[in-house]
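Participant: Quick one: this structure, given as structure tokens, is what I'll be asking you about.
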Amino acid sequence: MSVLVAFSVTPLGVGEAVGEIVADAVRVVRESGLPNRTDAMFTVIEGDNWAEVMAVVQRAVEAVAARAPRVSTVIKADWRSGVVDAMTTKVESVERHLSATDPA
């Protein structure tokens, strides 16, 4: 089973420069040992079950909440049986389709 979660954690009430506080959340994710990727908008994390992944998300939110009076969190989840490494295989599938139709 694969549980793939894309989430963002935004500290509120701390001004515009939030990178340092967001880095605390990303650090929690990276230290979890679960496969993950971070881009400009979201962090994606993958695990074998809901509880495992959501526990990491909760710790990431708590890390931000320790430094901000309010935290906004956006979560999107993909729960799928019989799949492993969805974080990689989903992107590979799209890239494969793009290259098959690429006129270059």
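Participant: Looking only at the stretch 33-49, which residues are surrounded by 15 or more Cβ atoms within 10 Å (Cβ to Cβ) and in a strand (DSSP E or B)?
Facilitator: 36, 38, 43, 44, 45, 46, 47
Participant: Also, quick follow-up: Check 52, 31 and return the single one that is out of contact with any strand residue (DSSP E or B) (no Cβ under 9 Å at 6 or more places or on another chain) and acidic (Asp, Glu). Even if it seems obvious, please write down each step before you answer.
Facilitator: Details: 52 fails: out of contact with any strand residue (DSSP E or B) (no Cβ under 9 Å at 6 or more places or on another chain).
Only one candidate qualifies: 31.
Participant: I'd like to know if the stretch 79-93 contains one or more residues that are within 16 Å of residue 5 (Cβ to Cβ) and assigned to a strand (DSSP E or B).
Facilitator: Scanning the stretch 79-93 turns up at least one residue that is within 16 Å of residue 5 (Cβ to Cβ) and assigned to a strand (DSSP E or B).
Participant: Of the conditions (1) outside any loop (DSSP other than H, G, I, E, B); (2) free of Cβ contacts under 8 Å to residues at least 24 places away in the same chain; (3) surrounded by fewer than 12 Cβ atoms within 10 Å (Cβ to Cβ), residue 30 satisfies every one except a single condition; which number is it?
Facilitator: (3)
Participant: Something else now. Look at residue 11 and say whether it is touching a residue at least 40 places away in the same chain (Cβ under 8 Å), surrounded by 14 or more Cβ atoms within 10 Å (Cβ to Cβ) and farther than 25 Å from residue 84 by Cα.
Facilitator: For residue 11, the condition - touching a residue at least 40 places away in the same chain (Cβ under 8 Å), surrounded by 14 or more Cβ atoms within 10 Å (Cβ to Cβ) and farther than 25 Å from residue 84 by Cα - is met.
Participant: Kindly indicate whether any position in the stretch 45-59 is free of Cβ contacts under 8 Å to residues at least 40 places away in the same chain and touching a Lys or Arg at 6+ places or on another chain (Cβ under 9 Å).
Facilitator: Scanning the stretch 45-59, I find no residue that is free of Cβ contacts under 8 Å to residues at least 40 places away in the same chain and touching a Lys or Arg at 6+ places or on another chain (Cβ under 9 Å), so the answer is no.
Participant: If a residue must be closer than 20 Å to residue 50 by Cβ and either open to solvent by 70 Å² or more (accessible area, probe 1.4 Å) or charged (D, E, K, R) (or both), how many such residues does the stretch 61-102 contain?
Facilitator: The qualifying residues number 12.
Participant: Collect the residues in the stretch 34-47 that are of a type in the set (Asp, Glu) and in contact with a strand residue (DSSP E or B) (Cβ under 7 Å, 6 or more places away or on another chain), keeping them in residue-number order.
Facilitator: Within the stretch 34-47, just 46 meets the criteria.
Participant: Any idea how many residues of the stretch 2-27 are part of a helix (DSSP H, G or I) and in contact with a strand residue (DSSP E or B) (Cβ under 8 Å, 6 or more places away or on another chain)?
Facilitator: Total meeting the criteria: 4.
Participant: Could you please let me know if residue 23 is open to solvent by less than 70 Å² (accessible area, probe 1.4 Å) and either within 18 Å of residue 79 (Cα to Cα) or not basic (Lys, Arg) (or both)?
Facilitator: On the way: open to solvent by less than 70 Å² (accessible area, probe 1.4 Å): yes; either within 18 Å of residue 79 (Cα to Cα) or not basic (Lys, Arg) (or both): yes.
So residue 23 passes the test.
The values are calculated or read from the model by the stated rules, or taken from the named source; none is laboratory data. Only a predicted model underlies this, so the values are computations on that prediction, with no experimental measurement involved. Heads up, the Cβs are rebuilt from the backbone with ideal geometry, glycines too, and the neighbour counts pull from every protein chain shown. For accessibility, only protein heavy atoms count, side chains too; no ligands or nucleic acids. Shrake-Rupley method; radii C 1.70, N 1.55, O 1.52, S 1.80 Å.
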